[in-house]
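Working notes, beginning with the structure itself.
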Amino acid sequence: MAKPILIIAALLLFFSSCQQQKQANRQQLDFNKCWHFQLGDHPDAVDMEYDSESWRKLTLPHDWSIEGEFSKEHPTTPEGGALPAGMGWYRKTFSLPESDSFKTVWIEFDGIYRNSEIWINGHYLGIRPNGYSSFQHELSPHLNYGEEANVIAVKVDNSQQPNSRWYTGSGIYRNVRLIKTGKVHVDHWGTFITTPKITESSSNINLQLTIKNQSNENRQVRVLTTILDGDNNKVASMESDHQMENDSTLTFDQNLDLADPVLWDVDRPYMYSALTQIYDGNELLDDYRTPFGIRYFDFHPEKGFSLNGKPMKILGVCNHHDLGALGAAVNERAIERQLEILKEMGVNAIRTAHNPPAPELLDLCDRMGFIVQDEAFDEWKKRKAKEGYHKDWDEWHKQDLEDMIRRDRNHPSIFMWSIGNEIREQFDSTGITITRELVSIVKNLDTTRPVTCALTENEPDKNFIYQSGALDLLGFNYKHRDYEKFPEWYPGEKLIATENMSALATRGEYFFPSDSIMRWPEAHDKPLVTGKDDYTVSAFDQVSAYWGSTHEETWTTIKNQDFMSGLFVWTGFDYLGEPIPYPYPARSSYFGIIDLAGFPKDAFYMYKSEWTNTPTLHLFPHWNWEEGKEVDVWAYYNQADEVELFLNDKSVGKRKKEGDDLNVMWRLPYEKGTIRAVSRKDGKTVLEREIQTAGKAAKIHLEADRSDIKADGKDLSFITVSIRDKNGNIVPNADDLVTFEVEGNGFIAGVDNGYQASLEPFKANYRKAFRGKCLVIVQATENPGPITLKANAEGISSSEITVNVQ
Ligand code: GAL
């Protein structure tokens, strides 16, 4: 009897070890589900025996700040978004099969805000102060396999406040994954791909590979790299053999030639990938895929930027990382929607103000065609925020900067590394030493991209960061009137405007006369003139912070300066925090070309008319005023010679842009009815736009940005709610309270209306309309089927819309 059992056992062992061998390939697991969360400090939660059953159950990414109530008493201050921060703990229990005991297992965090500390099964793994850095910990030495469970505990401490000049969010707000590999594997961030020689007919591809052998045997490995094109066809390959000692790390290069490369550019962001496979004989030990692109570029002191030999202006926006009503919690679709809106406006570049972004943003920029300025710091050793990064500088800046470069250097979308924003050290000689140190940290890891820094001191002899001589590309923020002197001040230097405008606007608000320019405040020591007591400000392009300009002022300057490689408007989207110059209850910024809910303000169309060739005609403001009031009407247009305006079918006159004009304007006494603009080229109508005086609010109108979404528990449909009169006109000042009900396989992830001083919560099933509109963000569950959203408001007809979840 004993014998057959032994044979079966041996066979089982054999098959399971075979299986083991096949499974030795890399596994990357989404590790976001089934966490327990509790606000406050819970030091005992590191113990495996601790019972966290009563804690809240949630799925990451998670930002607890966005769930809170606004108050100006929160230590984050309105500059930080006036939302709560504090401390919180996360815990997750998980088990791993016995077969994993032969593997290396590590956990990757894309970012935790802030001061995170991690324990696995009671073992302390470490702290990470910087809330934007991605990092990993190897778990294998401390793991249990089979029946016995594992517990990971994460303490997040965002209680030292204020530590930022904008809203940060709090918690494990980016993705987490568990990686399992065989003992021989490509190291974490272990590939670096460059394309040093590109000609029309070929591109050289250099791979720098770092491979680890964590086993206790020497291994002879064969490393095969296959280049796959955008359709996954094999287009080149190369292999090399390596002897690896036990417990060792090996870094080596592979060089390939690729014939007829398709170049990456913003209009056709063509991506390749490199599949690296490690073999021992015929046994596949690891496979690792690195997406990359092939492109070349130049920043020229006189001619500016060119991509793949073609001159092109960098037309960028700066953005902070929050996603409006979703807070800092990363959601790929929410980022994609932001980029889609920016693309429509003609934006071709993003500056990640002022920190390393979520990796999903960079993946999307690779795939959608945006040039990225990846930025490391807002503070060096000298303080900006009281509890800011300067406190961690000495101990952490090297690691944080290196990790950003290592993580991001394969993205074709990244064209510049920025080592800082408006750094205080530019004003004294410490700026020289620190700049040199930081640039050498970057150059050690990547010499293929210029290093820049966003400077505010324009005069060369007063700017010590410039004087370090270490920057490849000089970045300047604001004071665009100096730019004409730059060729003389900075001969032979490559130049870019890293931050501009800081124009202020509230969607749907208009001040008259529209052609008077206002700087609010006029200076730091001047009293704040805020205009209206609801803290709204005109969306005619007429208001800016005193250190900035209107959109028109800076763009007309830079567009004519070839030596300026481009610009980054502050900002693409309104963001949480920094409501300057407005006091609480203002709690989000006014600088966006697009409001916090994602609704374009009027300046969006100025850029669209200038930055795209898409025929554009945008007419504003709305047409509901007091009878007889002198009203200005503006139009932004392109692809036409002139625009004619009609009021109730009578011509008010033709206008054309002269010289540097970016818009045309008519001033007329208001008369209820219809305004209609017609743009014409060579006498032929190009576009027509019409606005009617809206009547009383009569109904709710719902429109989804996408009506088919994925049943992946993450996908979103952004539903615009507008209050309409009986004829379908949006009621421009409607502020009806709209309540929402969701049925089916989804839930409300957030609501907003873009009003910078609204104190309504973002996580709610209601929202007041603001200037006629609000937004509901509906999130799919993992179950396919329809979601129906019903919207009700008192005294007007309700509405419903269905989104399919597949
Ligand atoms: C800049 C700064 C940005 C933001 C902006 C507001 O000086 O770099 O982070 O504060 O001002 O205008």
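The values are calculated or read from the model by the stated rules, or taken from the named source; none is laboratory data. Remember, it's a predicted structure, so these values are computed and weren't measured experimentally. We place every Cβ from the backbone using ideal geometry, glycine too, and count neighbours over all the protein chains shown. The accessibility values were calculated without ligands, DNA or RNA, using every heavy atom of the protein model including side chains. Shrake-Rupley method; radii C 1.70, N 1.55, O 1.52, S 1.80 Å.
So here's what we get for this one:
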{"quantity": "Residues of segment 223-248 that turn out to be open to solvent by 80 Å² or more (accessible area, probe 1.4 Å), within 13 Å of residue 184 (Cβ to Cβ) and in a strand (DSSP E or B), as a count", "calculated": "1"}
{"quantity": "Residues of segment 753-771 that turn out to be of a type in the set (Phe, Trp, Tyr) and surrounded by fewer than 22 Cβ atoms within 10 Å (Cβ to Cβ), as a count", "calculated": "1"}
{"quantity": "Scan of segment 398-421 for residues that are crowded, with 19+ Cβ neighbours inside 10 Å and charged (D, E, K, R), ordered by number", "calculated": "400, 403, 407, 408, 409"}
{"quantity": "Extreme residue, surrounded by the most Cβ atoms within 10 Å (Cβ to Cβ), among residues of segment 472-481 that are away from the ligand (no atom under 14 Å from the Cβ) and under 26 Å from residue 442 (Cβ atoms)", "calculated": "474"}
{"quantity": "Set 218, 206, 232: member being over 14 Å from residue 291 (Cα atoms) and at pLDDT 95 or above", "calculated": "218"}
{"quantity": "Cross-chain or 6+ apart pairs with Cβ under 6 Å, segment 539-568 first and within 10 Å of residue 313 (Cβ to Cβ) and away from the ligand (no atom under 15 Å from the Cβ), then of a type in the set (A, V, I, L, M) and not in a strand (DSSP E or B)", "calculated": "564/558"}
{"quantity": "Test: residue in segment 729-752 that is out of contact with any Lys or Arg (no Cβ under 6 Å at 6 or more places or on another chain), open to solvent by less than 40 Å² (accessible area, probe 1.4 Å), more than 30 Å from residue 325 (Cα to Cα) and of a type in the set (Phe, Trp, Tyr)", "calculated": "no"}
{"quantity": "Selection within segment 266-286 - of a type in the set (Asp, Glu) and open to solvent by less than 30 Å² (accessible area, probe 1.4 Å)", "calculated": "286"}
{"quantity": "Count of residues meeting criterion [within 16 Å of the ligand (Cβ to nearest atom) and within 19 Å of residue 89 (Cα to Cα)] in segment 132-181", "calculated": "2"}
{"quantity": "Residue that is in contact with a helix residue (DSSP H, G or I) (Cβ under 8 Å, 6 or more places away or on another chain), basic (Lys, Arg) and open to solvent by 20 Å² or more (accessible area, probe 1.4 Å), where the choices are 177, 165", "calculated": "165"}
{"quantity": "Complete set of residues in segment 699-728 that are open to solvent by 20 Å² or more (accessible area, probe 1.4 Å), under 14 Å from residue 773 (Cβ atoms) and of a type in the set (S, T, N, Q)", "calculated": "720"}
{"quantity": "Residue in segment 604-611 that is open to solvent by 20 Å² or more (accessible area, probe 1.4 Å) and assigned to a loop (DSSP other than H, G, I, E, B) present", "calculated": "no"}
{"quantity": "Test: residue in segment 628-641 that is among the aliphatic types (A, V, I, L, M), surrounded by fewer than 17 Cβ atoms within 10 Å (Cβ to Cβ) and either touching a residue at least 12 places away in the same chain (Cβ under 8 Å) or out of contact with any Lys or Arg (no Cβ under 6 Å at 6 or more places or on another chain) (or both)", "calculated": "no"}
{"quantity": "Some residue of segment 114-128 being under 26 Å from residue 391 (Cβ atoms), at pLDDT 95 or above and in a loop (DSSP other than H, G, I, E, B)", "calculated": "yes"}
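One line per residue, one yes/no per condition, for (1) more than 16 Å from the ligand (Cβ to nearest atom); (2) without any contact (Cβ under 8 Å) to a residue 60 or more places away in the chain; (3) in contact with a strand residue (DSSP E or B) (Cβ under 9 Å, 6 or more places away or on another chain):
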| site | (1), (2), (3) |
| --- | --- |
| 446 | yes, no, yes |
| 453 | no, yes, yes |
| 460 | yes, yes, no |
| 470 | yes, yes, yes |
| 483 | yes, no, yes |
| 494 | yes, no, yes |
| 504 | no, no, yes |
